[in-house]
Amino acid sequence: MIKEFRLPDLGEGLTESEILSWKVQVGDTVKLNQVIAEVETAKAVVELPSPFDGVIAALHEEPGTVVEVGKPIVSFEVPDVGAAPKREPNLVGYGAVVESSGRPARRLRAAGVLAADGVPAVGSDSGAGAAAVVVPEAAAPTVAAAAPRSSELPERPRSTPPVRKLAKDLHVDLAQVTGTGPQGLITRADVEGFEKATSGVVASAPATAAGNRETRTPIKGVRKFTAAAMVASAFTAPHVTEFLTVDVTPSMELLTRLRTRRDFAELRLTPLTLAAKAVLLALRRNPSLNSSWDEVNQEIATYNYVNLGIAAATPRGLLVPNLKDADALTLAELATALAALAETARAGKTSPADLSGGTISITNVGVFGIDAGTPILNPGEAAILALGAVRSTPWEYRGEVALRQVMTLSLSFDHRLVDGEQGARFLADVGAILADPSSVITMV
């Protein structure tokens, strides 16, 4: 029996994902929950587990292809259970496997999760639950299947979205192209060869159409998501940015002392660690900075917990994973969590769950040697604090000029949620803690 696995919604109604790599090949035997592919959503790289024990019958998409949620990506040959009662096996992480002719499909369709054709309804809360469907055995390819005869070809020639786009750019009719890929799949080379044969000119791919004078990169994945989010934030929330330059010498001296203590010896303590703790403490006195604007219900949601976002520059682009319930962490726990967050982000393993639900964020531009900036709010949050570089600077100290460690703090906030006075008080509290860590005693 052949079963298809359709690309599930991997979080928050995402409508597409890019196939980064296949971990299996046609003919491979796989086990339930074995990783079969690595895909990139607009937020994270995710490993897809197999929903079945069986043999890989067909891989429907090539690496580098952007696939819409609900499209088949892989077919499995699984044992035929015959007349055995139908069950709803669990697909770890994606809910139930849905059989096209079974009652579960009807229930999901009635609930709006499945469209009339059995494809998961994009954007539905349970869209991932309809990831896999059973297709009639006669209609699906098998491991040993040869390329289909002309009388059995589907209405649209088999190809991937990038190849279809290339064909469109080169004005090539795919119906006239013979596919040389697996099971008659039309490849990029097939399109380019057809165009050369018919016009005598080899057209270059869209990414290099302008020659060597410029390079064009498709806008997709994290870059696409970040761009849309930043535009939405910049033109939805009225941003205000305030600045405060602080003598953080006492904080730098505290870090030096803590690093010599046995309970902190194995931890990575940085200015970000203390700044994050200062933000968490300052929020107790300034809760409006830890809120969001609910346009639909015309309400302001003020949170009694803090999911602290930390902006991270990664090879995939800007990510803002957050530490859940960061306000409940001790300084040592916070240092450990920040180190783990950074390592996971650099490795490209940040999960969609860690990228959602943030309530306030920090961006550390100081690591790039930058003193200050006007950070854009992470969508849905009331504030973001930028940490500048710590520099040795001539500074007034006890009535004299001395060389001190100085940092500039930049706070951007949503003026619908935070008044100028509230923003200033919060920024002053963060600055006071970093300028004199012992001042915490007077704040709590």
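The values are calculated or read from the model by the stated rules, or taken from the named source; none is laboratory data. Predicted, not measured: the structure shown is a model, and the values here were computed from it. As a convention, Cβ positions derive from the backbone with ideal geometry for all residues, glycine included, and neighbour counts pool all protein chains shown. Surface accessibility is based on the protein's heavy atoms, side chains included, excluding ligands, DNA and RNA. Shrake-Rupley method; radii C 1.70, N 1.55, O 1.52, S 1.80 Å.
Structure data summary
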{"read-out": "Filter pass, V222 being of a type in the set (V, I, T), assigned to a helix (DSSP H, G or I) and crowded, with 17+ Cβ neighbours inside 10 Å", "value": "yes"}
{"read-out": "Considering residues of region 1-37 that are modelled with pLDDT under 90 and not in a loop (DSSP other than H, G, I, E, B) only, the residue farthest from the chain's Cα centre (by Cα)", "value": "L20"}
{"read-out": "Test for A44: is it more than 26 Å from R188 (Cβ to Cβ) and either in contact (Cβ under 8 Å) with a residue 24 or more places away in the chain or aliphatic (A, V, I, L, M) (or both)", "value": "yes"}
{"read-out": "So I376, is it in contact with a helix residue (DSSP H, G or I) (Cβ under 7 Å, 6 or more places away or on another chain) and in a loop (DSSP other than H, G, I, E, B)", "value": "yes"}
{"read-out": "Test: residue in region 425-438 that is within 28 Å of I300 (Cα to Cα), touching a strand residue (DSSP E or B) at 6+ places or on another chain (Cβ under 8 Å), open to solvent by 40 Å² or more (accessible area, probe 1.4 Å) and part of a helix (DSSP H, G or I)", "value": "yes"}
{"read-out": "Condition broken by F368, with the remaining ones in (1) out of contact with any Gly (no Cβ under 6 Å at 6 or more places or on another chain); (2) surrounded by fewer than 20 Cβ atoms within 10 Å (Cβ to Cβ); (3) under 20 Å from T249 (Cβ atoms) satisfied", "value": "(3)"}
{"read-out": "Residues (closer than 25 Å to S291 by Cα, open to solvent by 10 Å² or more (accessible area, probe 1.4 Å) and of a type in the set (V, I, T)) located in region 385-424", "value": "T408"}
{"read-out": "Flag for T314 being touching a helix residue (DSSP H, G or I) at 6+ places or on another chain (Cβ under 9 Å) and open to solvent by less than 30 Å² (accessible area, probe 1.4 Å)", "value": "yes"}
{"read-out": "Some residue of region 243-255 being open to solvent by 20 Å² or more (accessible area, probe 1.4 Å), modelled with pLDDT of 90 or more, out of contact with any strand residue (DSSP E or B) (no Cβ under 7 Å at 6 or more places or on another chain) and more than 21 Å from I362 (Cβ to Cβ)", "value": "yes"}
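To keep it simple, each residue is scored yes or no on (1) outside any loop (DSSP other than H, G, I, E, B); (2) modelled with pLDDT under 90; (3) outside the structural domain of K31 (by the TED database); (4) in contact with a Ser or Thr (Cβ under 8 Å, 6 or more places away or on another chain).
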{"position": "L48", "(1), (2), (3), (4)": "yes, no, no, no"}
{"position": "P51", "(1), (2), (3), (4)": "no, no, no, no"}
{"position": "A57", "(1), (2), (3), (4)": "yes, no, no, yes"}
{"position": "E62", "(1), (2), (3), (4)": "no, no, no, yes"}
{"position": "I73", "(1), (2), (3), (4)": "yes, no, no, no"}
{"position": "A83", "(1), (2), (3), (4)": "no, yes, yes, no"}
{"position": "K86", "(1), (2), (3), (4)": "no, yes, yes, no"}
{"position": "G93", "(1), (2), (3), (4)": "no, yes, yes, no"}
